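Enquirer: This is the structure I want to talk about, given as structure tokens.
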Amino acid sequence: MTERAQAIRNVVIVGGGTAGWMTAAALARLLGGTGLAITLVESAAIGTVGVGEATLPQIRRFNSLLGIDEREMMARTAATIKLGIEFRDWGRVGDSYIHPFGRFGQEIGPASFVDYWARAHARGMVAPIGQYCLPIMAAMQGRFEPPHGNGTRQPYDYAFQFDAGLYAAWLSELAQSAGVVRREGRIVDVARNSESGAISAVSLEDGAAIRGDLFIDCSGFRALLIGETLETPFEDWSHWLPCNRAFAVPCANGGDYGPYTRATARAAGWQWRIPLQHRVGNGLVYCDAFWDDMDAAEALMANLEGERGAEPRQLRFTTGRRSALWRSNCVAIGLAGGFLEPLESTSIDLIQSGILNLVELFPHTAIEEADRREYNRLMDLEFERIRDFLVLHYVANQREEEFWRAMRAMPMPDSLADRIEDFRERAMLPDYADGLFQPVSWISVFLGQNVVPRRWDPRADAIDADELGKRLTAIHGKIADDAVAMPLHLDFLERAGARYVYGAGQ
Amino acid sequence: MRGECGTIVVVGGYEDIWPVAGLLASQLPPHLTVHVIEQSASASSLALLPVDDRYFGALGWGVSELAAAGARFTLGFVLDGLRRDGKPIVAAPSGDLPAIAGLALHQILRRVAAQAGALDRLAELYHGFSFCARAAESGKMALPADGPDTPLAMLGPLALLDRATLAEALDRGCAAPNVVRHTASAIALERGEGEVVGTVRLAGGERLETGLLVDLRTLDPDSARGDAIPLPLLETAQSRGIAFELRAGQPLPAYHVKPRGEWDRSRPFALAAPWQGNHLRLGPAAGQISGLFSADSRLLLAHALDLVQCLPAMRDMTVEARRFNALHARTIERLAELVAAPLALNTRSEQEWQAVRASPVPEALRLRIDQFRNRGRLPEFDGEIVDRQFWIDLLMASGVVPRSHDRRADAFDPRQLDRALGTVRAQLDQTLREISSQAEFDARIARG
């Protein structure tokens, strides 16, 4: 038995930017040796959104697959370290919590740590949950060092805050050196096979036709192939996530390089702050039904910590996703496939998932319907689980403004309503293996936004109250000691070759 | 309904109640009391369960505790009667085989076989690397802890247990002061407002107030028709007289197709929501899947674990019931597809076996088979009960040979691949030669 059919050979990526170049670099690295010819078409005349300056720890796996050295990446992209996301004013004005890349506490008995914490909390005998988490304690003190495996410290992970434009540019270099062909030009036509409806080529303004066997749509919100050409319906989720506009603007760093991203709730939306080595990325996400553009822009500008680096740029979007991200011979990756607001830094992660799922299901000789179905199943699951987690931030609020009252009153997915009740009534957490946000994430947001369990796993009652108090105190003390022993984040950046911190390169 | 749950009543056959009561007793808070009502024992039966099953982990049991409960240890088992040629399938739970540059070994082997024009020999080539199955076939026995940095770490030892002996060990080991034993051939349930079970009345007249009733009394499947998860393929098998039994066997335990006329006539079933109000049906009261893969015993142990995880905090146990029912549905889905796999992939020619092949396959299993057949990929789902490598072994042994492989495998230099595969195979063979025999292992366990 031998395999004679023609392999899928020509891959055309439509659109540069973060999604396009991440896809190109990954395909070139992981599948380049199999005879793939990869062409990326982009136009300098079309701007990129430059999504996702803040990432999740999964980016480290992606970089590792691409053979990227973290130290070099940090220098090339003006990156800082990220140990989590601080949420300010989300429950009530004045509240603050960090969603960490780590865990809470340690094993005390058969119940989970949060059950023991909830029991002690009900008796007023416990510190805030964040004080049982090493990356939170380190982040609050501006400290960081890479996790090391001596087994005595609470495990944690980290991600990066980087300049997405620089990251894309660097991946562009890597991809092109691995054989990816970059074609400059605006696409003016898309040709389809008259029988199958599959895309056969894209044509540029100069008349050149670029033919392909598989097309990857990284054209951003325009969704040139998956949307405009293949007319794949868009599932609108704005009834759950109604924010639909944003302003973005960089500014000078006011001196706080804290190893975390910040999301501060505002009157009808929220503001992000992402400290990089050379600037701070800022943005305000809002809902136009509650805040007009001018007021939103003013609110953003009034809350910058340093001199602005550019004029504010407005983005308009609808949250949701395509009903199928792989249709015919076209796979949509990045904003072309869907958009979930950047509240939990999921944009780059969704790009990464799209790429890695595609690599795993990459066709040999023909695109099988079973593979398309599986790709769409995996991506649907990811989008939906992220969606529920994002909605939680909005519905679990106690603020008084009209927008926030409306958020509390809006219908939510049944799956989320059950999760909130499970936690409030019995400290139960979602139980699934596949999904970006695992129990630690849910605990962070629930407790951070004042959804406190009324009861807990009765097994947590098996330990004597005094003994429980001693155990919690010991855990708290060890974490505090470990956090203080870490070097400063800025020192780490300097040792990692940062060009801008401590005044270098300014 | 306010107030704490207070009292839990567990009722059922001896072999069924003690795996539940034993685990409850080991984790019980002092304010909860458990009344255990033993009814008559059912016929003794065997179960073949992973030594590292989460249930045993929750009990704090390892090999020595299982040995004290009468376990015999093995590395694999035989599946008999599923193939047209009559050859048995040897299956062995296993951790992942060594990956090469992150790619699963079977993907690499498929690429090598394709390049050599020998795809018809892929199963044979793969078998050479099936370390755990080969160890089982050759009568060897060891534990992963015997060589954590060697291929022994892949071994997935199993414990062959007599369920009555296991129950006795759990009964003996239960010294919790808040566990109270009762014996009653029959009970009556007295329900209060909202169909809540308020009191359990024993045949002797004693009355036990209950916050939660854990009911393990075997349920007549016909009474569950209105509230059942469909199991069409398993029902077809049962209606065509196909059922399995586990025999101790030598050198390996074996699942055999029961001779015609001896099969269990009770229909497979699974309740959709076994926890209603304060009445929780567990094990044989909530579902009966199959004797194959000790599915019914696995269901009971999974239920015991899910119960302790969902112990009610208060008399209003809505959220606990919802979570338990969701976990139950997931366990049934995973168990049903596991049992359905060898049935759906049987190659026998008789009419009844053809009818089983023609039955609708559970959705997750269909996806696994399609993906594995298309490209050697194995999708994973929440609540997996066997690991990835076991699925790969089972599908390969059942004749599902990938038509294609992960395209990344084509990127390797064939000479480097030959060298890497040769090294892996040599390591596996060397370790295989060094593993102790079953008799030597048994003697070691006996010495303690």
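Enquirer: For B:Arg375, which of the numbered conditions (1) touching a Ser or Thr at 6+ places or on another chain (Cβ under 7 Å); (2) more than 14 Å from every other protein chain (Cβ to nearest Cβ); (3) modelled with pLDDT under 95 fails to hold?
Expert: Just one mismatch for B:Arg375, condition (2).
Enquirer: Hey, another quick one. Scan region A:398-408 residue by residue and report those that are touching a helix residue (DSSP H, G or I) at 6+ places or on another chain (Cβ under 9 Å), in a helix (DSSP H, G or I) and surrounded by fewer than 16 Cβ atoms within 10 Å (Cβ to Cβ).
Expert: Scanning region A:398-408 gives a single hit, A:Arg408.
Enquirer: Oh, and also: Residue by residue through region B:38-60, note down the ones that are without any contact (Cβ under 8 Å) to a residue 40 or more places away in the chain and farther than 19 Å from B:Ile385 by Cα.
Expert: B:Ala43, B:Gly60
Enquirer: Please go through (1) at pLDDT 95 or above; (2) more than 14 Å from chain B (Cβ to nearest Cβ); (3) at negative phi for A:Pro342 and return the number of the only condition it doesn't satisfy.
Expert: That leaves (1) as the condition not met.
Enquirer: Can you pull out every residue in region A:157-182 that is in a strand (DSSP E or B) and crowded, with 17+ Cβ neighbours inside 10 Å?
Expert: Within region A:157-182, A:Ala159, A:Phe160, A:Gln161, A:Arg182 meet the criteria.
Enquirer: Further question: For a quick check of your reading of the model, give me the residue pairs whose first member lies in region B:96-123 and is within 26 Å of A:Arg61 (Cα to Cα) and more than 10 Å from chain A (Cβ to nearest Cβ), whose second is among the hydrophobic types (A, V, I, L, M, F, W, C) and part of a strand (DSSP E or B), with beta-carbon atoms closer than 8 Å and at least 6 apart or on different chains.
Expert: B:Ile108/B:Ile100
Enquirer: Filter region B:325-372 down to the residues that are more than 14 Å from chain A (Cβ to nearest Cβ), β-branched (Val, Ile, Thr) and in contact with a helix residue (DSSP H, G or I) (Cβ under 7 Å, 6 or more places away or on another chain) and list them by number.
Expert: Once the filter is applied, which keeps residues that are more than 14 Å from chain A (Cβ to nearest Cβ), β-branched (Val, Ile, Thr) and in contact with a helix residue (DSSP H, G or I) (Cβ under 7 Å, 6 or more places away or on another chain), region B:325-372 yields B:Val339, B:Val356.
Enquirer: Can you give me the ranges of the strands (runs of 3 or more DSSP E) entirely in region B:42-161 with at least 1 residues that are in contact with an Asp or Glu (Cβ under 8 Å, 6 or more places away or on another chain) and at pLDDT 95 or above?
Expert: In region B:42-161, B:46-50, B:72-74 are the strands (runs of 3 or more DSSP E) which contain 1 or more residues that are in contact with an Asp or Glu (Cβ under 8 Å, 6 or more places away or on another chain) and at pLDDT 95 or above.
Enquirer: Which of the numbered conditions does B:Glu4 fail, given that it passes all the others? Conditions: (1) of a type in the set (Asp, Glu); (2) away from every other protein chain (no Cβ under 14 Å); (3) farther than 30 Å from B:Ala426 by Cα.
Expert: Of the numbered conditions (1) of a type in the set (Asp, Glu); (2) away from every other protein chain (no Cβ under 14 Å); (3) farther than 30 Å from B:Ala426 by Cα, the odd one out for B:Glu4 is (2).
Enquirer: Just to check your reading of the model, which residue among A:Ala118, A:Ala5, A:Ala28 is more than 30 Å from B:Ala313 (Cα to Cα) and modelled with pLDDT of 95 or more?
Expert: A:Ala28
Enquirer: Any residue at all in region A:253-266 that is of a type in the set (Lys, Arg), touching a Ser or Thr at 6+ places or on another chain (Cβ under 9 Å) and not in a loop (DSSP other than H, G, I, E, B)?
Expert: No, the conditions are met nowhere in region A:253-266.
Enquirer: Residue check, A:Ala366 against (1) crowded, with 19+ Cβ neighbours inside 10 Å; (2) out of contact with any Lys or Arg (no Cβ under 9 Å at 6 or more places or on another chain); (3) closer than 19 Å to B:Ser404 by Cβ, all met but one. Which one?
Expert: (1)
Enquirer: Let me ask something additional. Conditions first: (1) farther than 30 Å from B:Leu292 by Cα; (2) in contact with a strand residue (DSSP E or B) (Cβ under 8 Å, 6 or more places away or on another chain). B:Ala397 passes all but one, so which condition is the exception?
Expert: In the conditions (1) farther than 30 Å from B:Leu292 by Cα; (2) in contact with a strand residue (DSSP E or B) (Cβ under 8 Å, 6 or more places away or on another chain), B:Ala397 misses (1) alone.
Enquirer: Here's something else I'd like to know. I'd like the full set of residues that are closer than 25 Å to A:Arg9 by Cα, more than 8 Å from chain B (Cβ to nearest Cβ) and among the β-branched types (Val, Ile, Thr), limited to region A:359-389.
Expert: A:Ile367, the sole residue that qualifies.
Enquirer: Please go through region B:230-250 and give me each residue that is buried (at least 17 other Cβ atoms within 10 Å of the Cβ) and either in contact with a Lys or Arg (Cβ under 6 Å, 6 or more places away or on another chain) or not basic (Lys, Arg) (or both), ordered by number.
Expert: B:Leu231, B:Leu233, B:Leu234, B:Thr236, B:Ala237, B:Gln238, B:Ile242, B:Ala243, B:Phe244, B:Glu245, B:Leu246
Enquirer: Oh, and also: Can you say whether A:Ala433 is within 12 Å of chain B (Cβ to nearest Cβ) and either of a type in the set (Phe, Trp, Tyr) or surrounded by fewer than 22 Cβ atoms within 10 Å (Cβ to Cβ) (or both), as far as the supplied structure shows?
Expert: yes
The values are calculated or read from the model by the stated rules, or taken from the named source; none is laboratory data. Predicted, not measured: the structure shown is a model, and the values here were computed from it. Counting neighbours? That spans all protein chains shown, and the Cβs are built from the backbone with ideal geometry, glycine included.
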